[in-house]
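*Asks:* Would you mind keeping the following structure in view while I ask a few things?
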Amino acid sequence: MEIYKQMDLITIQIKIEGLIKALSTSRQSIRRFAKEKAEKVAEYEKDVAKTILLLQNDQITMFDDIQISKVTATNVEKIARGICWKQKMESDLAESNYKAAIVSIECLKAELNGYQSI
């Protein structure tokens with residue numbers, strides 16, 4: 001019976017050490033995801049601003065085979081955001097990856113707490 005308890009403790013110790021290592025790796029990853037998120041959001045905002053300027057200066061005249069004419073001040077931003085849809089998708093994906101990394105860390109912490117309680 002004593003051998004069985006020791007094996008359980010060894011297994012738990014190995015699990016705890018693995019989780020601590022995973023948390024360390026995840027901490028490094030979250031910095032990368034945060035940087036990527038910030039860069040993608042900034043790129044999207046920059047592209048929208050450039051697109052607005054191009055629309056206002058009549059330098060963009062087509063979008064998805066649709067003629068653009070008479071863009072009003074009230075809808076120029078909506079049109080620019082539509083034109084920059086790929087950048088928005090990349091920005092949203094980067095934000096989702098960042099949030100998923102945070103959730104992953106919380107799960108690892110909960111699992112670690114569970115093993116430490118044992």
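The values are calculated or read from the model by the stated rules, or taken from the named source; none is laboratory data. Model, not experiment: these values are computed from the prediction. Every residue, glycine among them, receives a Cβ derived from its backbone with ideal geometry; neighbour counts consider all protein chains shown. Note: areas computed on protein heavy atoms with side chains; ligands, DNA, RNA excluded. Shrake-Rupley method; radii C 1.70, N 1.55, O 1.52, S 1.80 Å.
*Asks:* Could you tell me which residue of the range 22-77 is most open to solvent (accessible area, probe 1.4 Å), considering only residues that are basic (Lys, Arg) and modelled with pLDDT under 95?
*Replies:* Lys70
*Asks:* For the range 11-25, which positions are without any contact (Cβ under 8 Å) to a residue 60 or more places away in the chain and not acidic (Asp, Glu)?
*Replies:* Scanning the range 11-25 gives Thr11, Gln13, Ile14, Gly18, Lys21, Ser24, Thr25.
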